[in-house]
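Visitor: Sharing a structure, written as structure tokens. Questions coming.
The values are calculated or read from the model by the stated rules, or taken from the named source; none is laboratory data. The shown structure was predicted, so the numbers you read here are calculated from the model rather than taken from an experiment. Glycine gets a Cβ as well: all are built from the backbone with ideal geometry, and neighbour counts include every protein chain shown.
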């Protein structure tokens, strides 16, 4: 229940807090009110994707369902109607991007993985336009592996691997001389993974004052009482016997230390201690403790500093499941210390699978019943998704999955990469709870800063919630200054020319809404900008062009000819090679034409390159880099070797922005022409040193007279998800000659339980034997989350 300022006063009267006592409530009232206002103005959306698995093969399909929620209660979001989903390399190069429609926060889609895509690590990212106003930590981001059936060959470790990055995190924020403080340690190797270490803490005289050893993924904790005039360092031992030292943060002479003990089942205790000098100076001063979850205050109390240290116990029932942030404030409202903890009530939805048997045969029909109930065993209606895989053929790693519970309750609210996030929600016990508290000590909370909340400083909202697909961006001078009240025009050729115009805001922002309504509709736009005084030469940047960290080439993949272990693995390998052979047969040899009729009809080019229709796993720039003469590519852009500068780029008769060139897919371009020698210029634009591109369906008619302040934009519209193919082996219709070697056995994203909490599942097993793994995820109408894993055998 949301805590109002009136309830704060009741807390002050009733809380048995040792030294906590009733004080002036004006600050607490202002704090609760300010946070309420901040949350109302800046509602947070989160998205979770249930992927049908996290390991794939070239030619496979990534199936996913999206759950978009808002608010602390995780109710299905009504803020956004469109979700953007991307498949990226581990270097953030774009492989594919789609926009899917959301209905009450729910949607689903898929990515077809090219057969020739390089086997490597990739990741799937998802976000709404509204989420781009806030930290990208809210984006869904799941690492996946695209490889052959056997795992990728691991790179051999260097003989002298670099020392891990070791950081120390005093509980509450700082080391204070004379105060006992818990210090967390986190060691990360050069690959970004936790590395276990041990060692000792010594002072500047060489005296040993503490010992430590990491206990989980490079994380550990030890206690230290720093002394005035002393400095400290850690002597760290690696498993291979090598040693190195790292300095600890310098201790402060004055301040507070706060400690949280979250190990008890029903209460959480908070200890506040002040340094001796601070206690003497601030004795009798007022301080405040505020605890909030998801932008809502659930506990607040004020106290007068009457003792150097004191402790209070708080009933965990006050807080919902999730991260709770404890903040100590001074009387003037300055936040002094902060500590986050995770409350784990285990109150998620209870999902169960009822089956008549635990063992099935190959190709046998499986009928199961899904039962969804609340934590108090009442049936619930909700939206769910179900994935079934043969985990013996997919290197399933349950702890590495970013399930709906750990994503929406944990990883979306704290900073940085979380290794094995699902570990903290699988077989929870005292050990996993202690390890989760280590994570709280070493990872930062990113939702907001208290100073901004209390001073009514809100993040700049540049992105509106998308009810329909939109085209938006900024207009600036080439010096980087925003152009307010600029005139922005957009043109489109589908179904006859149309033109829309708008004006830019004070910060140069513009938006065109509702341009695309039909699924799978590909449209090309021309965007032109002028200042209010009708001046040209402006820099137009689209949001779609800056959504990614970087653009890198995707390498062509050659499948290896290695043999594999089991007969099933060999058969799957043969199927993959058959797909590859068919794809390679359809690839046409590149033809380079000289002195032929040009594609553009303007001049006879120096060189023409025709591009095959079939994909080969390369980007446009990578493909052209080995075929164009006198052109080199730097960061994905074409440079003339003669002029040593970026070439002018024309697409279908229009001058385009280089960023747009980087976004073009290889197979959507039919041909490329080079105009680079003296006297070779494009007649329509008057430009020389030109790379001329032609879309496959371009009719050769340029509708406008284009100038450098014009860019083009291409949208594929809303994606319409394909239907998962699941064969039916009815009696007498079985094809016994073709082996069914699927690893993805079943995928259903649109399961809805009835009023009694029931739904049915029905599918056929494949020919592959082994352990079949069912993963169910979903949410009910009240925002309660659920996840369940069930296995059965196929023999």
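Visitor: Quick check on this structure: which one of 309, 352, 387 is within 30 Å of residue 280 (Cα to Cα) and touching a strand residue (DSSP E or B) at 6+ places or on another chain (Cβ under 8 Å)?
Guide: 309
Visitor: Now for a different question. Where residues in the range 601-627 are under 15 Å from residue 689 (Cα atoms) and surrounded by fewer than 20 Cβ atoms within 10 Å (Cβ to Cβ), which of them is modelled with the lowest pLDDT?
Guide: 603
Visitor: Residue 53 - would you say it is in a loop (DSSP other than H, G, I, E, B), crowded, with 23+ Cβ neighbours inside 10 Å and modelled with pLDDT of 90 or more?
Guide: For residue 53, the condition - in a loop (DSSP other than H, G, I, E, B), crowded, with 23+ Cβ neighbours inside 10 Å and modelled with pLDDT of 90 or more - is met.
Visitor: Shifting gears a bit: Here are some residues: 437, 430. Which one is at pLDDT 95 or above and surrounded by fewer than 23 Cβ atoms within 10 Å (Cβ to Cβ)?
Guide: Being at pLDDT 95 or above and surrounded by fewer than 23 Cβ atoms within 10 Å (Cβ to Cβ) holds for just one of 437, 430, which is 437.
Visitor: What tally of residues in the range 375-406 results from selecting those that are surrounded by fewer than 18 Cβ atoms within 10 Å (Cβ to Cβ) and farther than 30 Å from residue 145 by Cα?
Guide: 6
Visitor: Residues that are within 26 Å of the chain's Cα centre (by Cα), surrounded by fewer than 19 Cβ atoms within 10 Å (Cβ to Cβ) and more than 30 Å from residue 279 (Cα to Cα): does the range 296-303 have at least one?
Guide: Checked the range 296-303: at least one residue is within 26 Å of the chain's Cα centre (by Cα), surrounded by fewer than 19 Cβ atoms within 10 Å (Cβ to Cβ) and more than 30 Å from residue 279 (Cα to Cα).
Visitor: Follow-up question, since we're still on this one. Of the residues 335, 320, which is touching a helix residue (DSSP H, G or I) at 6+ places or on another chain (Cβ under 7 Å), farther than 30 Å from residue 793 by Cβ and surrounded by fewer than 21 Cβ atoms within 10 Å (Cβ to Cβ)?
Guide: Sole residue among the options that is touching a helix residue (DSSP H, G or I) at 6+ places or on another chain (Cβ under 7 Å), farther than 30 Å from residue 793 by Cβ and surrounded by fewer than 21 Cβ atoms within 10 Å (Cβ to Cβ): 335.
Visitor: Continuing with this model, one more query. Find the strands (runs of 3 or more DSSP E) located wholly in the range 674-757 whose residues include 1 or more that are surrounded by 12 or more Cβ atoms within 10 Å (Cβ to Cβ) and at pLDDT 75 or above, and list them.
Guide: Because the criterion is at least 1 residues that are surrounded by 12 or more Cβ atoms within 10 Å (Cβ to Cβ) and at pLDDT 75 or above, the strands (runs of 3 or more DSSP E) in the range 674-757 that meet it are 690-695, 744-752.
Visitor: If residue 286 passes every condition in (1) closer than 20 Å to residue 180 by Cα; (2) outside the structural domain of residue 184 (by TED's automatic domain parsing) but one, which one does it miss?
Guide: Condition (1) is where residue 286 drops out.
Visitor: Same structure, new question: Given (1) surrounded by fewer than 23 Cβ atoms within 10 Å (Cβ to Cβ); (2) in a strand (DSSP E or B), where does residue 65 come up short, assuming only one miss?
Guide: Of the numbered conditions (1) surrounded by fewer than 23 Cβ atoms within 10 Å (Cβ to Cβ); (2) in a strand (DSSP E or B), the odd one out for residue 65 is (1).
Visitor: While we're looking at this one, here's another question. Can you name the residue in the range 338-356 that is free of Cβ contacts under 8 Å to residues at least 60 places away in the same chain and over 20 Å from residue 425 (Cα atoms) and, of all such residues, is surrounded by the most Cβ atoms within 10 Å (Cβ to Cβ)?
Guide: 354
Visitor: Here is a follow-up. Name the single residue, out of those in the range 170-217 being under 27 Å from the mean Cα position of the chain (by Cα) and assigned to a strand (DSSP E or B), that is farthest from residue 240 (Cα to Cα).
Guide: So the residue we want is 184.
Visitor: Go through the range 418-427 and give me each residue that's surrounded by 13 or more Cβ atoms within 10 Å (Cβ to Cβ) and assigned to a loop (DSSP other than H, G, I, E, B).
Guide: Across the range 418-427, the qualifying residues are 418, 419, 420, 426.
Visitor: Within the range 254-270, is there a residue that is surrounded by 14 or more Cβ atoms within 10 Å (Cβ to Cβ), within 12 Å of residue 179 (Cα to Cα) and out of contact with any strand residue (DSSP E or B) (no Cβ under 7 Å at 6 or more places or on another chain)?
Guide: yes
Visitor: Quick one: how many residues across the range 92-106 are more than 17 Å from the chain's Cα centre (by Cα), part of a strand (DSSP E or B) and in contact (Cβ under 8 Å) with a residue 24 or more places away in the chain?
Guide: 2
Visitor: Could you please give the count of residues in the range 182-199 that are in contact (Cβ under 8 Å) with a residue 60 or more places away in the chain and surrounded by fewer than 23 Cβ atoms within 10 Å (Cβ to Cβ)?
Guide: Qualifying residue count for the region: 5.
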